[in-house]
Amino acid sequence: MTRPVNIYAISRIRDEASFNIVQKHQSQKENRIQYHEIESLRILADNLFNKGVSLIDMDGFFYGYQIPQIGKEFDLLKFAEKSCINIE
């Protein structure tokens, strides 16, 4: 089962091999994330932080979450009490 991550913290990992090790540990599956995807995540996290989004608010995201029954993968997904955030 995929574990939620803090997108700011994970975006600080710049090395592709290290990022993929952390991602494999979090998602419990083998996913090869390419450098441009890591860089895009870092840019997103930096922009959110610069716009006043707190580090706490960047907690709880599922990265590369897949629903087995339908085979659909979500790039970034976060569930809150009254909302769902889906960033593709």
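The values are calculated or read from the model by the stated rules, or taken from the named source; none is laboratory data. Since this is a predicted model, take the numbers as computed values, not measurements. Positions of Cβ are generated from backbone atoms using ideal geometry, with glycine treated the same way; all protein chains shown enter the neighbour counts. In case anyone asks, the SASA skips ligands and DNA or RNA and just uses the protein heavy atoms, side chains included. Shrake-Rupley method; radii C 1.70, N 1.55, O 1.52, S 1.80 Å.
Just give me the residues in segment 49-66 being open to solvent by 50 Å² or more (accessible area, probe 1.4 Å) and either among the charged types (D, E, K, R) or out of contact with any strand residue (DSSP E or B) (no Cβ under 6 Å at 6 or more places or on another chain) (or both), in sequence order.
Those that are open to solvent by 50 Å² or more (accessible area, probe 1.4 Å) and either among the charged types (D, E, K, R) or out of contact with any strand residue (DSSP E or B) (no Cβ under 6 Å at 6 or more places or on another chain) (or both): F49, N50, K51, G52, L55, I56, D57, D59.
Restricting to segment 26-58, count the residues that are modelled with pLDDT of 75 or more and either in contact with a Leu (Cβ under 7 Å, 6 or more places away or on another chain) or part of a helix (DSSP H, G or I) (or both).
Number of matching residues: 19.
Considering only segment 16-30, I want to know if a residue exists there that is under 24 Å from S83 (Cβ atoms) and of a type in the set (A, V, I, L, M, F, W, C).
Checked segment 16-30: no residue is under 24 Å from S83 (Cβ atoms) and of a type in the set (A, V, I, L, M, F, W, C).
Testing I21 on (1) part of a loop (DSSP other than H, G, I, E, B); (2) at pLDDT below 85; (3) β-branched (V, I, T), one condition comes back false. Which one is that?
Exception for I21: condition (1).
Which one of these is in contact with a Leu (Cβ under 8 Å, 6 or more places away or on another chain), open to solvent by less than 80 Å² (accessible area, probe 1.4 Å) and more than 14 Å from D75 (Cβ to Cβ): N20, N6?
Matching residue, one of N20, N6: N6.
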